[in-house]
Structures are given as C-alpha cells and as structure tokens.
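Engineer: Mind looking over this structure? Questions follow.
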Amino acid sequence: MIMSYDDLLKGRYSESQRAYHVTTVLREREKRYFADFHCARCVVEEMRILHDDEAVSSFAWVVMPDHVHWLFQLGADADLSATIKRFKARSAHWVNRYLHRQGALWQRAFYDHALRQDEDVQGVARYIVANPLRAGLVEHIGDYPLWDAIWL
C-alpha cells in the first residue's frame with residue numbers, strides 16, 4: 001500500500017521532549033545521492049546543527065544511499081514538522097550546491113514514530129544502525145561510515 005502525503009500527516013502530533021524515529025527518503029530514490037560520502041556528510045552536518053541548537057537531542061542515525069533514519073528527542077520548544085522541514089531544506093541546499101543541481105531533493109513527506117514510554121530506545125537505535133547490514137552494504141557495521149549512536 002502506497003501512502004499519500006496526506007496519509008502521513010493524519011494523526012501526527014508533535015510533543016516536545018518525546019523521542020521520535022524519523023525516516024525521510026530522497027525524492028528520486030534511484031539517484032542514491034548519499035552513496036557519495038560528501039553528500040551524506042552534508043546531511044550529517046545539518047543533523048549536528050539541529051542537535052547543537054537544541055532543537056533535538058540525537059540518539060542515533062544512519063544515512064543510507066537513498067534515505068535517512070534518525071532517532072532523537074525533540075527539544076523543549078521544537079515542533080516536529082518544523083524541525084524536519086528545516087533539516088530537509090538546509091541539507092537539500094548544501095547537497096544541491098555540491099552536486100550543481102536544483103530542485104527538490106527529498107520526498108515531500110516523512111515517516112515518524114513517536115516512541116512510547118515502554119519502548120526500548122536503545123533497541124530502536126540498534127535497529128537503525130543495523131540498516132546497512134540488513135541492506136547488504138557491509139558485513140560489519142564498523143565498515144559503514146555513516147552512522148552514529150550516543151551509546152558508543
């Protein structure tokens with residue numbers, strides 16, 4: 001079942017200090033822009049800036065060739081949609097500049113999962129950073145350079 005943009009917005013609720021697992025995908029998945037290390041680092045830098053600005057407190061992330069998984073706690077005065085919009089706009093600006101291209105980089109929507117109190121945050125983090133293993137990109141997670149988790 002393919003979800004529309006409006007389907008992804010249904011029931012979205014932004015709660016400060018809540019942990020979220022967000023997935024966002026390139027508009028043209030077949031382009032795999034983040035297989036280019038520099039493009040991927042542009043994305044990582046924007047996640048770091050949002051962390052440093054206290055919009056989020058990052059727990060774990062992985063940049064895959066065509067999408068990003070990010071686990072974070074939303075900051076005290078932050079809104080989930082506005083935070084992801086800022087992340088996508090700024091990262092798109094730097095990736096597009098590097099690639100000498102214009103236009104949308106990301107799909108319009110994003111998927112989010114608000115973690116419940118009883119969910120294992122470290123378990124979700126392990127799931128996120130293991131994505132390159134499940135995708136067959138590497139045999140050992142230490143061989144994949146585009147992930148991080150605060151527990152390491």
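Engineer: For a label point 7 Å from the Cα of Ile150 along Cα→C-beta, name the residues of the stretch 32-50 whose backbone N is under 20 Å from it.
Structural biologist: Within reach of a label on Ile150: 44-50.
Engineer: Let me test this: with uniform point scatterers at the alpha carbons of the chain, what is the Debye-based log₁₀ I(q)/I(0) at q = 0.15, 0.16 1/Å?
Structural biologist: Treating every Cα as an identical point scatterer, log10 I(q)/I(0) equals -0.78, -0.89.
Engineer: Moving on to the next point. What FRET efficiency comes out for the pair Glu30/Arg101, r = Cβ-Cβ distance, R0 = 22 Å, nearest 0.05? Walk me through the numbers on the way to the answer.
Structural biologist: Numbers: r = 15 Å, r/R0 = 0.67.
Efficiency, from the Cβ-Cβ distance: 0.90.
Engineer: Just to be sure I understand: with springs between alpha-carbon atoms less than 10 Å apart, which residue in His93, His21, His69 has the highest mean-square fluctuation in the Gaussian network model of the chain?
Structural biologist: Comparing His93, His21, His69 in a Gaussian network model of the chain, the most mobile one is His93.
Engineer: Could you tell me how far the Cα centroid of the stretch 108-133 sits from the Cα centroid of the stretch 8-61, in Å?
Structural biologist: Rounded to whole Å, the Cα centres lie 12 Å apart.
Engineer: Using only the Cα atoms of the stretch 65-146, what do you get for the radius of gyration and for Dmax, in Å?
Structural biologist: Here Rg and the maximum Cα pair distance are 15.2, 45 Å.
Engineer: While we're on this one: When Lys and Arg each count +1 and Asp and Glu each count -1, what net charge do the other residues less than 14 Å away from Gln117, Cβ to Cβ, add up to?
Structural biologist: Details: positive: Arg18, Arg116; negative: Glu15, Asp118, Glu119, Asp120.
Here the charged neighbours net out to -2.
Engineer: Please report, in debye to the nearest 20, how large the charge dipole of the stretch 14-149 is about its Cα centre when each Lys and Arg carries +1 at its beta carbon and each Asp and Glu carries -1 there.
Structural biologist: On the way: 17 positive and 19 negative charges, 130 e Å.
My answer is approximately 620 debye.
Engineer: Label points 7 Å out from Cα along the Cβ direction at Phe37 and Ala114: separation in nm?
Structural biologist: Placing both labels 7 Å beyond Cα along the Cβ direction yields 4.0 nm.
Engineer: Highest first, please rank the peptides 47-57, 134-144 by the mean number of other Cβ atoms sitting within 10 Å of their residues.
Structural biologist: Values: 47-57: 15.9, 134-144: 11.4.
Per-residue Cβ counts within 10 Å, averaged per peptide and sorted highest first, yield 47-57, 134-144.
No lab work stands behind these numbers, since they all come straight from the coordinates. Note that this is a predicted model, so its numbers are computed, not measured. Counting neighbours? That spans all protein chains shown, and the Cβs are built from the backbone with ideal geometry, glycine included.
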